[in-house]
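Student: Before I ask anything, here is the structure I am working with.
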There are 2 protein chains.
Amino acid sequence: MVTFQEISPADFFYRNRDIAGFTNPSRAIFVSIRELVENSLDSADQMSVPPEVYVRLTEEDASTTTESGNGVYRLLIMDNGSGIAARHIPSAFGQVLFGSNYKLKQARGTFGLGGTMAILYGQITTHKPVLVKSSTGGSKVYEFKMMIDIQRNRPLILDRKTRRNKENWRGTIVEYSLEGDYYRAMSKILEYLKQTALLTPYADIKFVDPKGRLYMFNRVTTKMPPPPTETLTHPYGVDVETLQRIIRVTESRNLLDFMRKHFHRVGQGTSLSFLDFAGFIRTPDPKRLKPEAVARLVETNNKSKKFRKFFGRITEEQIKVGLKKAKSQDMIAFLKSIFPNVDRTIILRLLASSGLVRTKNPKKLKPPEIVKLVRMMKQYTDFLPPDASCLSPLGEDLLRAGILKELKPEFIAVSQRKPSTYAGHPFIVETAIAYGGDIPKKDDIVVYRFANKIPLLYDEASDVSIRVIRSINWRRYKVASGMPIAILVHLCSTKVPYKTVGKEFIADRPEVKVEILNGIREVARRLQTFLAKREHVAKEKKRLSVFAKYLPKIAQFSTDLAGKTEAPDIELLLKSVRKYETEGK
Amino acid sequence: MVTFQEISPADFFYRNRDIAGFTNPSRAIFVSIRELVENSLDSADQMSVPPEVYVRLTEEDASTTTESGNGVYRLLIMDNGSGIAARHIPSAFGQVLFGSNYKLKQARGTFGLGGTMAILYGQITTHKPVLVKSSTGGSKVYEFKMMIDIQRNRPLILDRKTRRNKENWRGTIVEYSLEGDYYRAMSKILEYLKQTALLTPYADIKFVDPKGRLYMFNRVTTKMPPPPTETLTHPYGVDVETLQRIIRVTESRNLLDFMRKHFHRVGQGTSLSFLDFAGFIRTPDPKRLKPEAVARLVETNNKSKKFRKFFGRITEEQIKVGLKKAKSQDMIAFLKSIFPNVDRTIILRLLASSGLVRTKNPKKLKPPEIVKLVRMMKQYTDFLPPDASCLSPLGEDLLRAGILKELKPEFIAVSQRKPSTYAGHPFIVETAIAYGGDIPKKDDIVVYRFANKIPLLYDEASDVSIRVIRSINWRRYKVASGMPIAILVHLCSTKVPYKTVGKEFIADRPEVKVEILNGIREVARRLQTFLAKREHVAKEKKRLSVFAKYLPKIAQFSTDLAGKTEAPDIELLLKSVRKYETEGK
């Protein structure tokens, strides 16, 4: 007998929490802090407020700490972000697959999972409720004490309070207990905060660890990158389900309007050309064209400079004469026969402006037509690439500032690549290379990986950036083993192609790979110039030191030989053989 | 303004289908076939019927095949498995997180995702309904035509039919259309089927590809491993949520009974000792002990040989005298004071048998007590390890048969490790090593990875088996680069620690790693013996060939020298120097 069962998404992730990154007590405490810090940063970013995040981890009861190092901790996270409306607080923290980030917009969080999973983990290890306080800056602060009903994926509210918000505070505080192994997770947590500070140099992050040590990551600037905005779907990223969802909500009555209104970078012209390409354009039969239509066509043309440039002045007579000999059954072919030198797209535009183009009502498309439309979107090559206004890359200045603050390198090169796209999703790659300073001298290059400003710290070997870096012949760039070199790769996208829910690493999408490769090459070339110059300078110093050593002796010898008493000034001579202005010499 | 949204689990996996393995058209077609074949095999395994699976992939409309190789295919999968009850068919194929495998039992499927995701992928690429026919062998066959409402995670039934089941057919047929890139996926699909046949040598699998080629993977045996059975939770795998769920459904009125009934390998003795360790045992105050209780205690002991062995015969007098001077407030300490040489656990048993042990009603445990009970379960070291009766490993004979059939090696060694456990989940590792035959000579050893009889073909570099194999010094086993060697690792568990929903690779759990390492070492040592013998034989052949070459000449020479005409027979001589019986010589 086979029995079936339905489980809730909370139950699914509870059963398979390895998949969300909660693999063991050390990883769990790391992931919990990470998820909540990211929620805080996202929520301040959205308000264009420089984030202030305070994280405090305290040992709840030292006696419970087991031999393996596991203990029970109390985690508190406070931010100055947007705050959450009272009615959403319970679900935002007590339900998985509930969130504010299910949009075509760049954000750290994307799955609507992390925050709730962190709290769920606390609950299943300590069975204590979570406390959430939040205010959107209005007159009230709302407080909830709650637990998660995992089997139903719903919050269970134990207590709620409302207080006056005297200081007009805005933000969110989350506090709960969890079991974990802080001491094993410590180095990863600190590394995570350090790298977060590096890529969010406009944030103030404070962390108090269980020993009471305060780690401060102070902002170096209050300048923030422009906030990410929501964008429309790009036609290259559309599938049947997406298209149907848009059709369900559209108010457009025809496809021409529909394409323009709901798709990224599709204007009137692109909409027309695409629908023509896809076979969704209908024009009247020339033989049945009514005189009013002819008049409208002629008038539209003659009134518009743009059209007259192509068609010249048209007379009604000219059209009517043509109509008599017309063989084709559609107006496009008909006009093409009269104006053989005018482009099909121009003819289409004239017809559309004259109201002679008909396209279906999207709500009346039949299933095979929907499939055809989707397939054609993928095959049409003339859509404009997505623009990156919806993305919020860090920018070269902030990137440089972050690296300078954290690594204090001798040399630094940063680069922001032009926006690109994979499967309809816009993305931007930012790369940086740094040399010297606090960078450790290792056999391997130190690599910092980021996606939407999140540091990625685990499963490095499977990540696309590491593969790209390994594929490069570094000797070409004068890079040798043991040099203090760090590379930073930052991928911004409305959809980061993570391979795991735990956001450990990025999949090998060819478009992304190429951009990363080119970005790294670009900064590597600048490093090469720096290293080459450094090498010359070193040689020069050596050469000059030889001169400096022997010239005085030669001068002295010559002076003696000439029977003079005062040697000539050799400084001028030395200066004349200098090729580079070397500092300090 | 921050807006919130709830999405269904189907919507979540639709949006993040990379996570379930549907990364691109080639991978999608591979994963679709894999998921449905695995459902079929699971369902026949459960009935202990040798599986027969028929897979047919046809190009639906060659004209739609794009330049990139993408085309629209029709996929049909038919099996002789358990069939699905009519009322469950729509949800089983039209809803994610609905399944029959949410149990502590070994199965190929575990997530309740794969089959529906395959159909969902077909729907979003072709917008056509799926057809499912199934019968559990009764008088009817049920047919459903349906689609998935992704936003609500519910099946949409378009049509249903009921037919007479004249042939008493039992099984399931699934048929639907999907876009994919078969030609890029082909080698992986064939490899997948080949490896599946290797590890399921009792299955008949037929595959007809879009060119009409028939691939047959015939069974070599009808002997099947014992079917996996469902098991109870092991105390080491319990968290607060699990415990609460069990408390919610239990009928036990006390913890002693509760532990015995709901946990794997916990009997009366273990239950008592554990609850004592955890501080959940209450015994009466000796000072207030009623005469009936004393009588019961004495009678229980004196009637039982087992107890008498420890306590000897007890008299009521003896107890009563003791009670007068009793200082302790519980019976355990009191009895210990009278019988200082008897073990605490024996005293506990006597008290329990006499009805003098009280434990709480599990339904009345307070939250901190639940947490304490869970924590104590993790700390108690005397629970018996999980037994593996719930697992269905292949067994050495079937493993050997499968490898012989697929690889036809010269040498083969197989090993099944003893059951072991991680985080309360039982597991068994099976390993095999094979040499020669159809195994290709490569620089690297060919590795076949399996988990619960599923071949794992992607993301090999991150898998625990590969790491283990790389860590071994193979020269110790006389293995050199370029030898035709294949290693097979099969992990069976009620919960395979996959790192991804796409089941690409297994996480690095230390307990699992050790078992894999020991399993491989075991078969590697046998390979070493074989290779050593082979080496000796080769040397011997060489030595004999030297003898065989020169002995006749020497014999001839000696004959000539002695003036005789007939040379002596040297065969006997040659035989006498042979150390090994070498074949063909």
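Student: Using Cα positions and a limit of under 18 Å, work out the lysines in reach of B:Lys564, with same-chain residues fewer than 8 apart set aside.
Tutor: By straight Cα distance, B:Lys564 reaches B:Lys553.
Student: Here's something else I'd like to know. Rounded to whole Hz and in sequence order, give me ³J(HN,Hα) for the range B:269-278 from the Karplus expression 6.51 cos²θ - 1.76 cosθ + 1.60, θ = phi - 60°, writing x for Gly and Pro.
Tutor: x, 4, 4, 4, 4, 5, 5, 5, 4, 7
Student: Starting from the Kirkwood Rh over alpha-carbon pairs, what translational D in µm² s⁻¹ does the protein assembly as shown have by Stokes-Einstein at 10 °C and 1.306 mPa s? Before the final figure, lay out the partial values.
Tutor: On the way: Rh = 36.0 Å.
Taking Rh from Cα pairs, D becomes 44 µm²/s.
Student: Rg and Dmax of the range A:233-350, using alpha carbons, in Å: what are they?
Tutor: 16.6, 49
Student: Compute the Rg/Rh shape ratio of the range A:175-241: radius of gyration over Kirkwood radius, all on alpha-carbon atoms.
Tutor: 1.20
Student: Modelling each spin label as a point 7 Å along the Cα-to-Cβ direction, I'd like the B:Gln329/A:Val537 distance in nm, to one decimal.
Tutor: Roughly 7.9 nm, to one decimal.
Student: I would also like to ask the following. Find the relative contact order for chain B and round it to a whole percent, using C-alpha pairs within less than 8 Å whose residues are 6+ positions apart.
Tutor: Relative contact order comes out at 12 percent.
Student: Under the Karplus relation 6.51 cos²θ - 1.76 cosθ + 1.60, θ = phi - 60°, what is the ordered set of whole-Hz ³J(HN,Hα) values for the range B:311-318, x standing for Gly and Pro?
Tutor: 9, x, 7, 10, 10, 4, 4, 3
Student: If you put a point 7 Å past Cα along the Cβ direction, how far is that point for B:Lys166 from the same point in each other copy, in nm, smallest first?
Tutor: When each copy's label point is compared with this one, the spacings are 8.7 nm.
Student: Got a number for the accessible area of B:Val321? Probe 1.4 Å, square angstrom, nearest 10.
Tutor: Taking all protein chains as shown, B:Val321 has close to 70 Å².
Student: To continue, here is another question. What are the residues of the range A:499-548 that lose 50 Å² or more of accessible area, with a 1.4 Å probe, going from their chain alone to all protein chains?
Tutor: Hits at the 50 Å² cut-off: A:Lys499, A:Arg509.
Student: Further, regarding this structure: Taking a quarter of the surface of the convex hull around the Cα atoms of the range A:425-503, what do you get in nm²?
Tutor: The number I arrive at for the range A:425-503 is 5.8 nm².
Student: Report the calculated FRET efficiency for A:Ser576 and A:Ser471 (r = Cβ-Cβ distance, R0 = 60 Å), to the nearest 0.05.
Tutor: Computed FRET efficiency for A:Ser576 and A:Ser471: 0.80.
Student: Can I ask one more? Given a cut-off of 16 Å, what percent of all Cα-Cα pairs of the range B:379-486 lie beyond it? Provide the component values of the computation, followed by the final result.
Tutor: Details: 3838 of 5778 pairs.
Taking all Cα-Cα pairs of the range B:379-486, the fraction more than 16 Å apart is 66 percent.
Student: Something else now. Could you pull out every residue, at least 5 positions away or on a different chain, whose amide H is within less than 5 Å of the one on A:Leu391? Hs are placed 1.01 Å off N in the peptide plane, and Pro or chain starts have none.
Tutor: For A:Leu391, the qualifying residues are A:Thr229.
Student: Right, here's the next one. From the helices alone, meaning DSSP H stretches of at least four residues, give me the mean residue ellipticity at 222 nm for chain A, per-run term -39500 (n - 2.57), in deg cm²/dmol to the nearest 500.
Tutor: That comes out to -13000 deg cm²/dmol.
Student: Roughly how far apart, in whole Å, are the Cα centres of the range B:225-260 and the range A:144-176?
Tutor: Here the two parts' Cα centres lie 32 Å apart.
Student: Something else: In the range A:110-154, which residues give up 40 Å² or more of accessible area once the other protein chains are added, compared with their chain alone (1.4 Å probe)?
Tutor: A:Phe111, A:Ile124, A:His127, A:Gln151
Student: Follow-up question, since we're still on this one. Describe numerically, in nm with one decimal, the distance between label points set 7 Å from Cα along Cα→Cβ at B:His88 and at B:Thr565.
Tutor: 9.2 nm
Student: How far is the Cα center of the range B:561-576 from the Cα center of the range B:357-401, in Å?
Tutor: Rounded to whole Å, the Cα centres lie 76 Å apart.
Student: Let me ask something else about it. Apply the Karplus parameterisation 6.51 cos²θ - 1.76 cosθ + 1.60, with θ equal to phi minus 60°, to every residue of the range B:533-545 and state each ³J(HN,Hα) to the nearest whole Hz, in sequence, with x for glycine and proline.
Tutor: Coupling constants for the range B:533-545: 4, 4, 5, 4, 4, 4, 4, 4, 4, 5, 4, 4, 5 Hz.
Student: When the Cα centres of the range B:467-516 and the range A:1-31 are compared, how far apart do they sit, in Å?
Tutor: 24 Å
Student: Now for a separate question. Roll a 1.4 angstrom probe over the protein heavy atoms and tell me the percent of accessible area of chain A that is carbon or sulfur.
Tutor: Ligands and nucleic acids excluded, carbon and sulfur give 51 percent.
Student: While we're on this one: Taking every DSSP beta bridge that has both residues in chain B, what percent is antiparallel when rounded to the nearest 5?
Tutor: Taking every DSSP beta bridge within chain B, about 85 percent pair in antiparallel fashion.
Student: Per residue of A:6-18, how many C-beta atoms from partner chains lie within 10 Å of its own C-beta, taken as a mean?
Tutor: Going residue by residue through A:6-18 and averaging, the value is 6.
Student: Sorted from largest to smallest, which semi-axis lengths in Å does the alpha carbon gyration tensor of the range A:9-217 give for its equivalent ellipsoid, taking the root of 5 times each eigenvalue?
Tutor: 24, 21, 17
Student: Right, something else. Counting Lys and Arg as +1 and Asp and Glu as -1, what is the net charge of the other residues whose Cβ lies under 13 Å from the Cβ of A:Met47?
Tutor: The answer is -3.
Student: Among the listed pairs B:Lys287/B:Lys309; B:Lys372/B:Lys513; A:Lys223/A:Lys408; A:Lys133/B:Lys364, which have their C-alpha atoms separated by more than 22 angstrom in this model?
Tutor: Beyond 22 Å: B:Lys287/B:Lys309; B:Lys372/B:Lys513; A:Lys133/B:Lys364.
Student: May I pose another question? Provide the FRET efficiency to the nearest 0.05 for the A:Arg152-A:Arg525 pair, computing r from the beta carbons and using R0 = 56 Å.
Tutor: Between A:Arg152 and A:Arg525 the formula returns 0.45.
Student: Another one. Give me the lysines in straight-line cross-link reach of A:Lys542: C-alpha distance below 16 Å, same-chain residues under 8 apart excluded.
Tutor: A:Lys533, A:Lys575, A:Lys579, A:Lys585
Student: Please compute the Kirkwood hydrodynamic radius of chain A from all pairs of different C-alpha atoms, in Å with one decimal.
Tutor: 29.0 Å
Student: Also: Lys/Arg Cβ at +1, Asp/Glu Cβ at -1, dipole of the range A:388-531 taken about the Cα centre: which of A:Asn518, A:Ala388, A:Pro440 is farthest positive-ward?
Tutor: A:Asn518
Student: Something else about it: Shielding of B:83-92 by partners, i.e. mean partner chain Cβ atoms within 10 Å per residue?
Tutor: Mean inter-chain Cβ contacts per residue within 10 Å come to 2.
Student: Would you mind putting B:485-498, A:75-88, B:250-263, A:278-291 in packing order, based on average other-beta-carbon counts within 10 Å, highest first? Mind dumping the intermediate values first?
Tutor: On the way: B:485-498: 24.2, A:75-88: 20.5, B:250-263: 18.1, A:278-291: 15.8.
Top to bottom by mean Cβ count within 10 Å: B:485-498, A:75-88, B:250-263, A:278-291.
Student: With no solvent and one point per C-alpha, what does the Debye sum give as log10 I(q)/I(0) for the range B:1-123 at q = 0.10, 0.21, 0.22 Å⁻¹?
Tutor: With no solvent term, the Cα-only Debye profile gives -0.37, -1.29, -1.37.
Student: Can you give the log10 of the normalised intensity I(q)/I(0) at q = 0.13, 0.14, 0.20, 0.21 Å⁻¹, computed with Debye over equal Cα scatterers of the range B:488-538?
Tutor: These q points yield log10 I(q)/I(0) values of -0.47, -0.52, -0.75, -0.79.
Student: Taking the highest mean first, how do the peptides B:335-345, A:37-47, A:341-351 order by number of other beta carbon atoms within 10 angstrom per residue?
Tutor: Per-residue Cβ counts within 10 Å, averaged per peptide and sorted highest first, yield A:37-47, A:341-351, B:335-345.
Student: Quick one: of B:Lys303/B:Lys363; B:Lys363/B:Lys499; B:Lys441/B:Lys541; B:Lys194/B:Lys499; A:Lys366/A:Lys499; A:Lys261/B:Lys188, which pairs are farther than 31 Å apart, Cα to Cα?
Tutor: The answer is B:Lys303/B:Lys363; B:Lys363/B:Lys499; A:Lys366/A:Lys499; A:Lys261/B:Lys188.
Student: Another question, if that's okay. Under a point-charge model restricted to the Cβ atoms of Lys and Arg (+1) and Asp and Glu (-1), what is the dipole moment magnitude of the range A:238-379 relative to its Cα centre, in debye to the nearest 20?
Tutor: Values: 32 positive and 13 negative charges, 21 e Å.
So the dipole magnitude of the range A:238-379 works out to roughly 100 debye.
Student: Placing +1 at every Lys and Arg Cβ and -1 at every Asp and Glu Cβ, with all other atoms neutral, what dipole size does the protein assembly as shown have around its Cα centre, in debye to the nearest 20?
Tutor: The calculated dipole for the protein assembly as shown is roughly 900 debye.
Student: What is the Rg over Rh value, at two decimals, for the range A:68-116, using alpha-carbon atoms and the Kirkwood definition of Rh?
Tutor: We get a ratio of 1.06 for the range A:68-116.
The values are calculated or read from the model by the stated rules, or taken from the named source; none is laboratory data. Since the model is a prediction, treat every value here as computed from it, not as a measurement. Glycine also receives a Cβ, built like all others from the backbone with ideal geometry; neighbour counts cover every protein chain displayed. Please note that ligands, DNA and RNA were not included when accessible areas were found on the heavy atoms of the full protein model with its side chains. Shrake-Rupley method; radii C 1.70, N 1.55, O 1.52, S 1.80 Å.
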